[in-house]
Amino acid sequence: MGNDNFNFEIRNLNDIVDEDTEFIPLMSSEDEELMNSEKMPEVLPILSLRNTVLFPGVVIPITVGRDKSIKLVKEAYKGDKIIGVLSQKDDKIEDPSPDDLNKIGTLAYIVKMLRMPDGNTTVIIQGKKRFELNEITQQEPYLKASILPFEETRPAHNEKEFLALVASLKDMALQIISKSPNIPSEAAFAIKNIESPSFLINFISSNMNAPVAEKQRMLEVIDLKDRATFVLQHLSKELQMLELKNQIQSKVKIDMDKQQRDYFLSQQLKTIQEELGNSIDKEVNEFQKRAESKKWSAETAETFSKELQKLQRMNPNSAEYSVQTNYIETLLDLPWNEYTKDRFDLKKAQKILDNDHFGLDKVKDRILEHLAVLKMKGNMKAPILCLYGPPGVGKTSLGKSIAKALGRKFIRMSLGGVHDEAEIRGHRKTYIGAMPGRIIQNIKKAKSSNPVFILDEIDKVASSYHGDPSSALLEVLDPEQNNAFYDNFLELEYDLSKVMFIATANALNTIQPALRDRLEIIDVNGYTIEEKLEISKRHLIPKQLEEHGLKKNQLQFSDKAIEKIIDDYTRESGVRALEKQIAKVIRAYARHIAMKEEYNSKLKPEDVKKVLGSEVFFRDKYQDNSVAGVVTGLAWTSVGGDILFIEVSLSKSPNNGGKLTLTGSLGEVMKESAVIALEYLKAHAYSFGISEDIFNHWNIHIHVPEGATPKDGPSAGITMFTALTSAFTQRKVKANLAMTGEITLRGKVLPVGGIKEKILAAKRAGINEVVLCADNKKDIEEIKPEYITDMKFNYVKRMDEVIKYALLDEKVEDALDLTVKKEETKK
């Protein structure tokens, strides 16, 4: 019957029973002794109970529905009102046989029989004593049976353990009543007022929340102490379950209250937003409308649909709502499978490239080749180009011209100082403030999936504990992988295979090898003076005149004036500093024009000096050949070519000669070249008309002027060898001659780089004859013929050939006497 029985037992029972009915629901010890002393009949009518067990002393109401049971109750009520009550083993059996009943039951007294308004008969019975079924004596019209007494054993009246057990039962029952919201306070009053331990145990057993089978087991326990322990175990379980239930209900109630509050507030907010015209449904509808025009794949469409449904379920005030909205807007803003149409007019493309940039023929040819293949095939993976060269040569601006020539959108992304992988791949959208990587952001900005994408300063990417961005770029710049680029924010694959990536770099050694392997390296060399002159006339001067508000006829630069600015005021490979100096000159003349002062509109070299001041840089000019051991070499620097002088001086030291001294901030490679040159000369001294004894009596000092400037590289090898040979033979070096080339101990001359810059530097210095390796002939052929008119090139393969071209038979004036006397040799 459960805990609710307290409610029915104590309160509703009094409503059913008349005031003059002689029974007391709570039994005292005297009542219990009187009840136990009553004589038990030998034969009793047996009433079967379906879903409850009657305990001695306990009063319970039962509803009688079966015809047999109604007849039994009526006849007993007319007689002595005593019946036997047995519980069924299976409450589903409608007409139980004697075998379907338990053997231990309770003698009961019918207190009252009532006819209810619904036609059912309700009987109030009180348990008296327990009995054991002996033998069935009658089956019709109802069961009758002979019974045997079932006496319980009780502990001593003052046994402490039993008394403690009963006290624990009472306390636990009171706790259950206090914690259960369904049990009235009268139940606690009843428990407190029960004096008899036996009745207390029976009362609690009858009303506790336990199955009928468990209650039957309690009834059948003979020893009262054992029964009390059994009941205490069940009460303990019930108390734990009740506490857990209350805990869960309390938590659920709090959650429900919060949910109801949130729902109420969200409904109010929704109403306010609808009044203001900011409905969430309106926003969702706009997203759906935009999605209809997207050309995305089925996978992307499915993802969009799921994410939109998720947005609809979200509270607009939650932090996740803004992240979700941002994600959906990113999906919609990206140009999925949207491409601009390429311009396939190759002649027009070439004209655009030529108009925007002077020179850079290799780059232009590569772009036109790509366009040609694209025109023939119709579809082709974009190349991954890397423009490698010094600063200011127009690598970045060339990207704009390429985009213009192709008719594509242009994007520039600077990688200088980027050290977080998330800059490339994006953040996962679980983070607050998450956003896609810069690749996807720029694609979104371009609104096209095939732009020209400049990755500026790719050599300056740094790695840190946030990850290595250059490793993330491997996927972006691999034509075999970038058709499925994965961005952490999107969590979808995006096709970058149609994007033309153009990287720019000032140095290749800082680029990760795996990344460098994916790039098609195109050298963008520094400009020559001739090229800078043309760039100034075609681009820089018109641009600066326009920016300073001057017209072409108000100021005209002569070629000599431009050359003076290039030569004396700039020292660079590109044209950035040149543009700044031109701007400075134009500003000075703009001031004259604005103040209406007289000025010369045709700028001459002397006018440049007045504006820019004294020359800042001085280029080495060729010097005469009057001194032996001084030879002109050619060098490559990051700002172009230059000439340098190798000077060899001999000092007499009869006792411990042969010491080699090197000065001029020379690097290890250059020092090794000097050692190789000297050793080769010693080994082949006879071939060059030099006495072997000389090297033991003269110290050698090799110096390269501008000692503060670090110098290194193997290209000065033949220059050092020629200077040493000239010093030891005191022969003149051919006038207006320079040379460059690496040497070996076997006497071979090897090719070197930077030939174009070196040759043009030689021409500027007034040199008209150059000695270089035969394998460098191909580099000379790449230089425009008009730049090297009146210049002679001598190609050599061996070091002795260099001497034939470089040294004259004539000795210098005031030549040193290098002959070794016999007495010095003996010493």
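Take the conditions (1) open to solvent by less than 40 Å² (accessible area, probe 1.4 Å); (2) at pLDDT 85 or above; (3) part of a strand (DSSP E or B); VAL608 misses just one of them, which is (3). A Cβ distance below 8 Å, combined with a sequence gap of six or more or placement on separate chains, defines the contacts here; from segment 191-219, residues that are more than 21 Å from LYS128 (Cβ to Cβ) and in contact (Cβ under 8 Å) with a residue 12 or more places away in the chain reach residues that are part of a helix (DSSP H, G or I) and small (Gly, Ala, Ser) in the pairs ILE191/ALA173.
Does ASP365 meet the test of being over 30 Å from MET435 (Cβ atoms), over 35 Å from the mean Cα position of the chain (by Cα) and surrounded by fewer than 18 Cβ atoms within 10 Å (Cβ to Cβ)? Answer is yes for this residue.
A search for C-beta distances below 8 Å between a residue of segment 590-619 that is under 17 Å from PHE557 (Cα atoms) and any residue that is of a type in the set (Phe, Trp, Tyr) and part of a loop (DSSP other than H, G, I, E, B), counting only pairs 6+ apart in sequence or on different chains, returns HIS592/TYR599; ILE593/TYR599. Could you please give the count of residues in segment 118-165 that are free of Cβ contacts under 8 Å to residues at least 12 places away in the same chain, farther than 30 Å from TYR77 by Cα and part of a strand (DSSP E or B)? Of the residues in segment 118-165, 0 are free of Cβ contacts under 8 Å to residues at least 12 places away in the same chain, farther than 30 Å from TYR77 by Cα and part of a strand (DSSP E or B). Here SER146 passes the criteria (1) polar (S, T, N, Q); (2) modelled with pLDDT under 85; (3) open to solvent by less than 30 Å² (accessible area, probe 1.4 Å) except the one numbered (2). In the condition set (1) out of contact with any Leu (no Cβ under 9 Å at 6 or more places or on another chain); (2) assigned to a helix (DSSP H, G or I); (3) at pLDDT 85 or above; (4) buried (at least 16 other Cβ atoms within 10 Å of the Cβ), LEU550 is compliant with all but (2). The number of residues in segment 296-334 being in a loop (DSSP other than H, G, I, E, B) and of a type in the set (Val, Ile, Thr) comes to 0.
Here PRO61 clears all of (1) modelled with pLDDT of 85 or more; (2) surrounded by fewer than 20 Cβ atoms within 10 Å (Cβ to Cβ); (3) in a loop (DSSP other than H, G, I, E, B) except the condition numbered (3).
Restricting attention to segment 78-97, report how many residues are under 25 Å from GLU135 (Cβ atoms) and either in a helix (DSSP H, G or I) or not charged (D, E, K, R) (or both). Number satisfying all stated conditions: 11.
Every residue, every condition in (1) touching a Pro at 6+ places or on another chain (Cβ under 7 Å); (2) crowded, with 20+ Cβ neighbours inside 10 Å, yes or no:
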residue: ALA164; (1), (2): no, no
residue: LEU169; (1), (2): no, yes
residue: SER178; (1), (2): no, no
residue: GLU186; (1), (2): no, no
residue: LYS192; (1), (2): no, no
residue: GLU195; (1), (2): no, no
residue: PHE199; (1), (2): no, yes
residue: ASN202; (1), (2): yes, yes
residue: SER206; (1), (2): no, yes
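Each residue in segment 673-693 was checked for being open to solvent by 40 Å² or more (accessible area, probe 1.4 Å) and over 60 Å from the mean Cα position of the chain (by Cα), and 9 pass.
Here ASN337 does not qualify as open to solvent by 60 Å² or more (accessible area, probe 1.4 Å), at pLDDT below 80, within 30 Å of LEU492 (Cα to Cα) and part of a loop (DSSP other than H, G, I, E, B). Of all the numbered requirements in (1) without any contact (Cβ under 8 Å) to a residue 40 or more places away in the chain; (2) over 30 Å from ASP459 (Cα atoms); (3) touching a helix residue (DSSP H, G or I) at 6+ places or on another chain (Cβ under 8 Å), ALA298 misses one, and that requirement is (3).
Residues that are surrounded by 18 or more Cβ atoms within 10 Å (Cβ to Cβ) and in contact with a helix residue (DSSP H, G or I) (Cβ under 7 Å, 6 or more places away or on another chain) within segment 387-405 comprise LEU387, GLY389, GLY392, LEU398, SER401, ILE402, ALA405, listed in sequence order. Per the conditions (1) surrounded by fewer than 20 Cβ atoms within 10 Å (Cβ to Cβ); (2) modelled with pLDDT under 80; (3) more than 30 Å from LYS295 (Cα to Cα), the sole criterion not satisfied by LYS381 is (3). One residue is enough: does segment 429-451 have a residue meeting the conditions over 27 Å from GLN324 (Cβ atoms), under 26 Å from the mean Cα position of the chain (by Cα) and not aliphatic (A, V, I, L, M)? Among the residues of segment 429-451, at least one is over 27 Å from GLN324 (Cβ atoms), under 26 Å from the mean Cα position of the chain (by Cα) and not aliphatic (A, V, I, L, M), which makes the answer yes. Out of all the residues in segment 760-781, is one or more polar (S, T, N, Q) and out of contact with any Ser or Thr (no Cβ under 9 Å at 6 or more places or on another chain)? Yes, the conditions are met somewhere in segment 760-781. Residues of segment 694-711 include at least one that is over 60 Å from the mean Cα position of the chain (by Cα), more than 16 Å from LEU772 (Cα to Cα) and open to solvent by 60 Å² or more (accessible area, probe 1.4 Å).
The number of residues in segment 83-106 that are in contact with a helix residue (DSSP H, G or I) (Cβ under 7 Å, 6 or more places away or on another chain), open to solvent by less than 40 Å² (accessible area, probe 1.4 Å) and not hydroxyl-bearing (Ser, Thr, Tyr) comes to 4.
The values are calculated or read from the model by the stated rules, or taken from the named source; none is laboratory data. Keep in mind the model is a prediction, meaning the values are calculated, not measured. Positions of Cβ are generated from backbone atoms using ideal geometry, with glycine treated the same way; all protein chains shown enter the neighbour counts. Keep in mind that these areas ignore ligands, DNA and RNA; they rest on the heavy atoms of the full protein, side chains included. Shrake-Rupley method; radii C 1.70, N 1.55, O 1.52, S 1.80 Å.
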